[in-house]
Amino acid sequence: MDDLPESDADNDVVMLAAIVEDLDVGFAGMVRAYQRVVYSVALRVGAGADADDLAAECFLRAYRALLGYDRSRILALRPRSWLLTILLNTWRNTVRGASRRPAVAMADVPERPAPGPTVEDMVTGSETRGELGALVSALPENQRLAVVLRHVVELPVAEIAAVMRIPEGTVKSHVSRGLARLREQYAKEVVR
């Protein structure tokens, strides 16, 4: 926890102690503390409309894992890295599984209103953000994950390396190449 601000590290220690004492109460605190980060990453890695489901599945898997952990293993966790690793593994499994299943015809899927602001509100208020979001989603997977974790979630390079299970130098390379590609693509979009 060296690379977390002291207050975040302290909060994690208190949260993990609460999980050891009472899993249900402590886990509710973990969800409150990390739900925005988990959802944000789920949304940006390409889950789109399924980001809510992906985030929920991440927390469900985390809870199930904690049921089998002993006290020392729980206290040694780095919650943010651990949850994001679960999230990315769940997302990869979902993508892999979707490629093996036949697609459902869109006519068979009932429409449901999206929560939050209307499409018109989002378009008028955030055209540039939408353009950047589309450009980020077009990046190769490793670059997209590294850029999102570094510049959206603002994780330190060491933590990104732990989440993605790659060396820190590779993380830096993915971030650098991803940003260069974003700049290049954004410049092309502006010229149009």
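Tabulated values for the structure
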| read-out | value |
| --- | --- |
| Cut-off under 5 Å, modelled amide H: who pairs with Tyr69 long-range | none |
| Under the Karplus curve 6.51 cos²θ - 1.76 cosθ + 1.60, θ = phi - 60°, whole-Hz ³J(HN,Hα) for the stretch 158-167, x wherever Gly or Pro sits | 4, 6, 4, 4, 5, 5, 8, 6, 9, x |
| Cα-projected label distance for Glu141 with Arg73, points at 7 Å along beta-carbon direction, nm | 2.6 |
| Accessible area in square angstrom per residue, the stretch 11-58, 1.4 angstrom probe | 51 |
| Ser81, Ser173, reordered so the largest accessible area comes first (probe 1.4 Å) | Ser173, Ser81 |
| Residues Ala49 and Arg165, FRET efficiency given R0 of 35 Å [Cβ-Cβ distance, rounded to 0.05] | 0.80 |
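The values are calculated or read from the model by the stated rules, or taken from the named source; none is laboratory data. Remember, predicted model here, so these are calculated numbers, not experimental data. For neighbour counting, all protein chains shown are included, and Cβ atoms are generated from backbone atoms with ideal geometry for every residue, glycine included. Only protein heavy atoms, including side chains, enter the accessible area calculation; ligands, DNA and RNA are left aside. Shrake-Rupley method; radii C 1.70, N 1.55, O 1.52, S 1.80 Å.
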